[in-house]
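The values are calculated or read from the model by the stated rules, or taken from the named source; none is laboratory data. Keep in mind that what you see is a predicted model, and the values were worked out from it rather than measured. Backbone-built Cβ (ideal geometry, glycine too); neighbour counts: all protein chains shown. With ligands, DNA and RNA removed, areas are computed over all heavy atoms of the protein, side chains included. Shrake-Rupley method; radii C 1.70, N 1.55, O 1.52, S 1.80 Å.
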Amino acid sequence: MSEIRLGLRENLPQFGLLVFLNAFVGAMVGLERTVLPLLGEQEFGLSSKTAITSFIVSFGVTKAVINLVAARMSDRIGRKPLLVVGWLFALPVPFLIIYAPAWWWIDLANVLLGANQAMAWSMTVIMKVDLVGPKRRGLALGLNEFAGYFAVGVMSWLTGYIASQTALRPQPFYLGGVIAVVGLVVSVFFVRETHAHAHLEAATTRHSSDGVRPSLGRVFYVTSLGNVSLFAACQAGLVNNLNDGMSWGLYPLFFASYGLGVGSIGVIKAVYPIVWGVLQVATGPLSDHVGRKELIAGGMIVQAGGIWLTVLVPTYAAWLVGAALQGLGTAMVYPTLLAAITDYAHPTWRATSLGVYRFWRDLGYAIGALLSGVVADFVGLAAAIHLVGALTFVSGLVVVRAMRRPSPTPAAARA
């Protein structure tokens, strides 16, 4: 067995493979971004926005809960087994959507998709952090999120284009079966376990807990509320995905209400995650140099500006600019929040702390979809979008007020 070493250069082949793999993880989500809300309205005849966005609620709740459990399990049994199981959950998803006779099949598909994303995406994040060690986390997470969300954007555009040339289903979802099979094969035969890298880092990290792993309850408390900076990160992550859940569920319906076709909707839906994905290559490592707080607070405020532009100026050009602004703001926030969590967590319980953060962050999908769907049903689509913009702006102000500079050693979390 080769010597275990920390660092990006020292682990470049495996790191590169994980970047490639996370693009496939992101592509599974991109299958749904453009087409599924329109499918609910046009093919299943759903008039309630709450009912249409129910698939995002099932996705978000499942992903949030399994994030928490998977991260803790990965500290005990390793990363690779959970990565493989995550891809097994992905296999039925496209077929459930293609053959669904009722909307509850779509909800079920998104329970499985949520499990896939929680396990597969979480493990690629944790494994990259394991490999690079403490010095290049921002870069590692920026590359990870770039690959995933660039793939989300490309697949959002591609499925919109296919749907505009054929139909809302089944053709846009054929790619899903190929993606799931490739992801599973790569995970089983080519990805190597990285748990030993985390133990190596832990052995060289001075810390008052002496590497003793605290209970899940204690890590949950410290990450959620006990440390003010971690609280600021968790609430920002939740609100970030709250506005993403709204845009996933309501934007296609909002654009269609102005007569925009599915192909053009797919272009707008692609701009947001592509800008988000590409710019994370810069914002991740930038946070290593300029700090986390400025990028997080500024990114939330930029997102709010993009959301408000989308609803206040209902033209195609403004929607493209709004999507780009939302992508820019999310790029500033997304890898930086992950890196901020690792600033405070000891390597022996870092994966669990990341799982707690990702629990709150991905619960935002469900809260955003449910909240915006209910508001849209009672007050209208524009009011729901305005509300989410306001919540995003306030979240940025909370970060300005609450987040502190990280100390040289991670925060204690004694059991």
Check your understanding: Quick check: is even one residue across region 40-55 farther than 29 Å from C234 by Cβ, buried (at least 23 other Cβ atoms within 10 Å of the Cβ) and either in contact with a helix residue (DSSP H, G or I) (Cβ under 6 Å, 6 or more places away or on another chain) or among the basic types (K, R) (or both)?
Key -> yes
Scanning region 144-182 for residues that are open to solvent by less than 50 Å² (accessible area, probe 1.4 Å), closer than 22 Å to A100 by Cβ and small (G, A, S) gives S156, G160, A163, A167, G176, G177, A180
Only one of (1) at pLDDT 95 or above; (2) farther than 16 Å from G148 by Cβ does not apply to R292, and that is (1)
Of the candidates A331, A324, the one satisfying the condition of being open to solvent by 10 Å² or more (accessible area, probe 1.4 Å), among the small types (G, A, S) and at pLDDT 90 or above is A324
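Please determine whether any residue of region 59-68 is among the β-branched types (V, I, T), under 18 Å from the mean Cα position of the chain (by Cα) and surrounded by fewer than 23 Cβ atoms within 10 Å (Cβ to Cβ).
Here is the first cut: in region 59-68, the ones among the β-branched types (V, I, T) are 61-62, 65-66.
Still in the running and under 18 Å from the mean Cα position of the chain (by Cα): 61-62, 65-66.
Within this subset, residues satisfying the condition of being surrounded by fewer than 23 Cβ atoms within 10 Å (Cβ to Cβ) are 61, 65.
Within region 59-68, one or more residues are among the β-branched types (V, I, T), under 18 Å from the mean Cα position of the chain (by Cα) and surrounded by fewer than 23 Cβ atoms within 10 Å (Cβ to Cβ).
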Taking the criterion of being surrounded by fewer than 24 Cβ atoms within 10 Å (Cβ to Cβ) and out of contact with any helix residue (DSSP H, G or I) (no Cβ under 9 Å at 6 or more places or on another chain), would at least one residue in region 343-356 satisfy it?
no
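Picking from V290, V278, which residue would you name as being surrounded by fewer than 24 Cβ atoms within 10 Å (Cβ to Cβ) and under 16 Å from the mean Cα position of the chain (by Cα)?
Numbers: V290 fails: under 16 Å from the mean Cα position of the chain (by Cα).
Testing whether each residue is surrounded by fewer than 24 Cβ atoms within 10 Å (Cβ to Cβ) and under 16 Å from the mean Cα position of the chain (by Cα) leaves just V278.
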Requested in this report: Test T336 against the stated conditions and say whether it is within 24 Å of Y357 (Cα to Cα), touching a Phe, Trp or Tyr at 6+ places or on another chain (Cβ under 9 Å) and hydroxyl-bearing (S, T, Y).
Outcome: no
Filter region 201-231 for residues that are touching a Lys or Arg at 6+ places or on another chain (Cβ under 8 Å) and in a helix (DSSP H, G or I); the one that is modelled with the lowest pLDDT is L216
The helices (runs of 4 or more DSSP H) lying wholly within region 291-405 that contain at least 3 residues that are under 27 Å from V132 (Cα atoms) and among the charged types (D, E, K, R) are 292-312, 350-378
Residue hits (region 249-275; touching a Ser or Thr at 6+ places or on another chain (Cβ under 6 Å) and surrounded by fewer than 22 Cβ atoms within 10 Å (Cβ to Cβ)) are G263
Requested in this report: Inspect region 387-407 for any residue being of a type outside the set (S, T, Y), crowded, with 21+ Cβ neighbours inside 10 Å, closer than 30 Å to E201 by Cβ and modelled with pLDDT of 85 or more and give the result as yes or no.
Outcome: yes
Of (1) of a type outside the set (D, E); (2) part of a helix (DSSP H, G or I); (3) open to solvent by 20 Å² or more (accessible area, probe 1.4 Å), P134 satisfies every one except (2)
